[in-house]
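For reference, the structure is listed below as structure tokens.
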Amino acid sequence: MHEMRAESTIGTGELIWHVIRKDLTTSSLCGRFLDPASPAAPLTENEATERYCSSCMTAFVAAVQDQRH
Ligand SMILES: [Zn+2]
């Protein structure tokens, strides 16, 4: 099972969404470790930028396609 998890990047005001596999590990698909005990804070009005981790998206699409075969 996959889940999106946000990581805030300190200083840039960006929030980056990674994909994790809940059944396997707390590491994201791109290999980045995201501490489940400290989720990113919600966006404030000053942090308007959100984007998706391209490495996670690529791995996620590949994983979903694998499941369909
Ligand atoms: Zn990622």
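The values are calculated or read from the model by the stated rules, or taken from the named source; none is laboratory data. This structure is a prediction, so every number in the text was calculated from the model and none was measured. Cβ placement follows ideal geometry from the backbone for every residue including glycine, while neighbour counts extend to all protein chains displayed.
Points to keep in mind about this one:
- Condition check for residue 47: farther than 15 Å from residue 58 by Cβ, in a strand (DSSP E or B) and either more than 10 Å from the ligand (Cβ to nearest atom) or at pLDDT 75 or above (or both): no
- Test: residue in region 52-68 that is under 13 Å from the mean Cα position of the chain (by Cα) and either in a strand (DSSP E or B) or at pLDDT below 85 (or both): yes
- Looking across region 1-21 at every residue that is part of a loop (DSSP other than H, G, I, E, B), in contact (Cβ under 8 Å) with a residue 12 or more places away in the chain and over 20 Å from residue 62 (Cα atoms), the one that is nearest to the ligand (Cβ to nearest atom) is identified as 12.
- For region 13-27, residues that are at pLDDT below 85 and β-branched (Val, Ile, Thr) total 2.
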